[in-house]
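Q: A single structure is presented below for examination.
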Amino acid sequence: MLSFSEEWSIIVLSIQIASIAIAIMTIPALVTAWYIARRRSVFTFVIENVAQVPLVLPPVVTGLLLLIFLGPKGAGGRLIDYLFGLDLAFTSTGAAIAAGIMAFPLLVQTFRIAIEHIDPEWEEAASVDGGSKWAVFRWVTFPLAAKGIMAGIILGFARAIGEFGATIVFAGNIPERTQTIPLAVFTQLGQVGTESSMIRLVLVAVSLSVLSLSVHAYLSSRLTRT
């Protein structure tokens, strides 16, 4: 049975990993969403479908692919180790990357919808007035899509905090290092005397999920009314 301090440590670690995951993926997801929403070509179709792959691929397979590519023997893993001296597999950073990749499709989809709600003529007007693409995005697109972007971040955070399959394969289930709420609940399944700890962690997970979905729903409703 976990102590209260251990339970709290698991909760804090879960929030930290989910926050890092979203921080890592927000900008790539925003760039991808903008391209999908504002460009129409064969590349748009390819990028849109590639961005959605983690949504339909079994999470365990995603974790295995991450381990193959970013693990100690993978090409990406060796390159990162050479450049930065970092080993991503079985670390909290690796857990954040796994959670972020699983949340990526939701980020892209929500960001895309937010951008598509903006009348392109407003962006074109700013561009005609001499604004660069970056200036138009910074001063027109981003402020108008801010509510939708925040809604996507909240939804992505909820997905990241509940991630299990890819995380356990790529980052492992290491207490105080990569053991998030889902992994801790999985560890305690079937163990005698752990029911109370497991129930408390489940209640925290449900509460965070409901809160995140409520905030997402509120922001999404504000978006549709603008």
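The values are calculated or read from the model by the stated rules, or taken from the named source; none is laboratory data. Given the structure is predicted, the values throughout are model-derived calculations rather than measurements. Note: ideal-geometry Cβ built from the backbone for every residue, glycine included; neighbour counts use all protein chains shown. Quick note on the areas: whole protein, heavy atoms, side chains included, nothing else; ligands and nucleic acids left out. Shrake-Rupley method; radii C 1.70, N 1.55, O 1.52, S 1.80 Å.
Q: Would you mention how many residues in segment 82-118 are closer than 30 Å to R38 by Cβ and assigned to a helix (DSSP H, G or I)?
A: Filtering segment 82-118 for residues closer than 30 Å to R38 by Cβ gives 96-118.
This time we only want the ones that are assigned to a helix (DSSP H, G or I), so: 96-116.
Here the count works out to 21.
Q: Determine the pairs where a residue that is closer than 20 Å to T194 by Cα, located within segment 1-20, has a partner that is outside any helix (DSSP H, G or I) with Cβ atoms under 6 Å apart, the partner being 6 or more residues away or on another chain.
A: Listed by first residue and then by second, the contacts come to M1/G193; M1/T194; S14/T180.
Q: Which residues, taken from segment 2-28, are outside any helix (DSSP H, G or I) and crowded, with 19+ Cβ neighbours inside 10 Å?
A: Scanning segment 2-28 gives a single hit, L2.
Q: OK, next. If I ask for residues that are of a type in the set (A, V, I, L, M, F, W, C), in contact (Cβ under 8 Å) with a residue 12 or more places away in the chain and open to solvent by 30 Å² or more (accessible area, probe 1.4 Å), which ones from segment 62-96 would you list? First the steps, then the outcome.
A: Taking segment 62-96 first, the residues of a type in the set (A, V, I, L, M, F, W, C) are 64-70, 75, 79-80, 83-84, 86, 88-90, 95-96.
The next check asks that each one be in contact (Cβ under 8 Å) with a residue 12 or more places away in the chain; those that pass are 64, 66-67, 70, 88-90, 95-96.
Within segment 62-96, L64, L67, F90 meet the criteria.
Q: Going through segment 174-202 one residue at a time, which ones are surrounded by fewer than 19 Cβ atoms within 10 Å (Cβ to Cβ), polar (S, T, N, Q) and part of a loop (DSSP other than H, G, I, E, B)?
A: Result: Q191, T194.
Q: Looking only at segment 35-46, which residues are open to solvent by 60 Å² or more (accessible area, probe 1.4 Å) and part of a helix (DSSP H, G or I)? I'd like the intermediate steps shown before the answer.
A: Residues of segment 35-46 that are open to solvent by 60 Å² or more (accessible area, probe 1.4 Å), as a first pass: 35, 39-40, 42-43, 45-46.
Correct list: Y35, V42, F43, F45, V46.
Q: Could you tell me how many of the residues in segment 159-173 are open to solvent by less than 30 Å² (accessible area, probe 1.4 Å) and not in a loop (DSSP other than H, G, I, E, B)?
A: Matching residues across segment 159-173 total 6.
Yes/no per residue for (1) in contact with a helix residue (DSSP H, G or I) (Cβ under 6 Å, 6 or more places away or on another chain); (2) closer than 23 Å to V56 by Cα; (3) among the small types (G, A, S):
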residue	(1), (2), (3)
A145	yes, no, yes
A151	yes, yes, yes
G172	no, yes, yes
P175	no, no, no
A184	yes, no, yes
Q188	yes, no, no
S196	no, no, yes
S220	yes, no, yes
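Q: Check whether at least one residue in segment 132-147 is within 20 Å of S221 (Cβ to Cβ), open to solvent by less than 20 Å² (accessible area, probe 1.4 Å) and hydrophobic (A, V, I, L, M, F, W, C), and report yes or no.
A: yes
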